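Input: a single structure, listed below in structure tokens.
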Amino acid sequence: MPSLLRRVKSKMFIFAHRRTLTLLDGEYGSVFKGRSLDFDELRSYVPGDEVRDIDWKATARHGSPLVKRYVAVRRHSVLLLVDAGRNMAAHAASGESKKDIAVDAAGVLGYLACRHGDDVGLLHGSALTSRYLPPQSGEQHLERLLREVEAGISLDGPASAITAQLDYALRYLKGRLLIAVLADEFRPDAHTEMLLRRLRARHEVLWLTILDARMAREPGNPAPTQEASFDVGNGQRIPALVAGNSVVRAAYATAMRKREEERSVFFRRLGIAEQSVGATGDVLTAVFALLEKHRSGAKSAKDSNRAG
């Protein structure tokens with residue numbers, strides 16, 4: 001059976017310039033910058049130590065100044081939170097399966113984590129079930145996760161409901177994580193916003209939206225050769241003549257733009273970096289843009305806090 005991770009790595013090294021990979025590594029590394037110190041021990045204060053590092057309670061008990069000593073955390077935990085409902089078995093904007101794009105995106109993010117010595121886990125599921133594989137290190141483990149994603153998405157599976165996986169993460173996952181959500185397009189609502197606000201308070205959260213296919217082919221293709229459009233989510237079919245109608249297409253395009261704008265405003269309000277992707281060939285660019293947005297957003301928030 002061909003390795004999914006090898007496929008992802010081949011695309012990364014064939015289609016990406018070495019400088020691009022270096023930039024990707026840098027953007028990934030910046031996600032944890034400023035959040036990578038753990039308390040190690042107390043020691044006596046010496047001139048040059050930061051006053052803010054003094055442990056005043058311990059100092060009072062000991063009788064002389066003591067400072068907290070920190071060490072860098074060398075391993076972080078990354079969670080790939082993947083929508084594995086049947087919506088992800090539909091076609092993406094490129095005509096490819098959304099599942100293939102999700103596997104490639106999960107592979108790129110997971111491989112970046114492996115390159116940095118971080119652990120990678122997976123939480124995936126549908127409206128009915130959620131399955132969790134705890135973070136571990138190594139490419140062999142990452143290959144297993146990618147296989148889980150590929151096998152877990154099918155047209156005859158339950159519908160998507162990313163809120164089920166968000167709720168699972170809030171209920172059962174402890175410790176700070178970098179959570180990368182890979183999900184179908186959705187319409188924001190109050191319940192999703194509440195879940196994400198709580199999740200963001202505990203973890204770093206990134207969101208990659210996998211774009212839907214167009215409702216019908218572009219004008220110019222003979223209508224008789226077009227198949228009826230099929231909504232994987234609800235099982236409804238739209239006849240080719242209706243889907244190809246210019247008025248219907250225009251209304252659909254307007255609705256899609258409105259939904260995209262709502263989603264963009266939604267994530268900006270929450271302070272969560274979000275990026276969309278509609279083809280496997282655009283995954284590297286999308287991941288880079290997503291990490292850059294996250295870094296820029298974190299820096300802006302930090303600057304705002306200092307100004308306040």
(request) Rank by packing, highest mean first: peptides 251-262, 272-283, with packing defined as the count of other Cβ atoms within 10 Å averaged across residues. (result) 272-283, 251-262
(request) Could you please report the charge total around L5, scoring K, R as +1 and D, E as -1 over all other residues with beta-carbon less than 10 angstrom from its beta-carbon? (result) +3
(request) Assuming a ≥ b ≥ c are the square roots of the Cα gyration tensor eigenvalues, decide whether the range 72-197 counts as rounded (a/c under 1.5), prolate (otherwise, with a/b larger than b/c) or oblate. (result) oblate
(message) Under the rule of at least 5 residues apart or a separate chain, name every residue whose amide H is placed under 5 Å from the amide H of Q136.
(response) V120, G121
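Return the subset of K11/K258; K98/K258; K11/K174; K174/K258; K11/K98 for which the Cα-Cα distance in this structure is over 29 Å, preserving the input order.
Where the Cα-Cα span goes over 29 Å, the pairs concerned are K11/K258; K11/K174; K174/K258.
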(request) Starting from the residue with the highest accessible area, list F267, F13 in decreasing order, probe 1.4 Å. (result) F13, F267
(message) Full-extension gain between R131 and R6, please, as 0.36 nm times their residue separation minus the C-alpha to C-alpha distance.
(response) 42.6 nm
(request) Would you list, by chain and number, the aspartates and glutamates whose Cα falls below 16 Å from the Cα of K293, excluding same-chain residues fewer than 8 positions away? (result) D25, E27, E204, E274, D303
(message) Need the list of aspartates and glutamates near K68 for cross-linking: C-alpha distance under 18 angstrom, and skip anything on the same chain fewer than eight residues off.
(response) D38, D40, E41, D49, E50, D53, D55
(message) Taking 41 Å as R0, compute the FRET efficiency from the Cβ-Cβ separation of R144 and E193 and round it to 0.05.
(response) 0.80
(request) Taking H placed 1.01 Å from N in the peptide plane, check which residues at least 5 places from Y45 or on another chain put their amide H under 5 Å from its amide H. (result) L66, V67
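The values are calculated or read from the model by the stated rules, or taken from the named source; none is laboratory data. As the structure is a computational prediction, the values presented were derived from the model and not from experiment. A quick note on method: Cβ atoms are made from the backbone with ideal geometry, for glycine too, and the neighbour counts reach across all protein chains shown. Protein only, heavy atoms only, side chains kept; ligands, DNA and RNA dropped before computing areas. Shrake-Rupley method; radii C 1.70, N 1.55, O 1.52, S 1.80 Å.
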